[in-house]
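J.: For reference, the structure I am asking about is given below.
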């Protein structure tokens, strides 16, 4: 099995060069996108955790008692 022998029809591929270039570009974009997605997984996890924490804090603030209306200190006397 000689891959460089042009007479072997099982291993020859006749395509225009621009199709091979587009295929290489598409495969490179897909592999690069997947690598980026995997690499940024920890940041997505951190954003998810902080979003849950922010939602819990919003709920805690909405359940907290309201501040008393009126002055906090009595009127000064002279």
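The values are calculated or read from the model by the stated rules, or taken from the named source; none is laboratory data. Note that the coordinates shown come from a computational prediction; the quantities given were computed from them, not determined experimentally. Using ideal geometry, Cβ is built from the backbone for each residue, glycine included, and neighbour counts are taken over all protein chains shown.
J.: List, please: which pairs have Cβ atoms under 7 Å, are six or more places apart or on different chains, and start with a residue in the stretch 6-35 that is assigned to a helix (DSSP H, G or I) and end with one that is surrounded by 10 or more Cβ atoms within 10 Å (Cβ to Cβ) and modelled with pLDDT under 95?
T.: So the pair list comes out empty.
J.: When you check residue 77 against the structure, is it surrounded by 10 or more Cβ atoms within 10 Å (Cβ to Cβ) and modelled with pLDDT under 90, yes or no?
T.: Taking the combined requirement at face value, the residue does not satisfy it.
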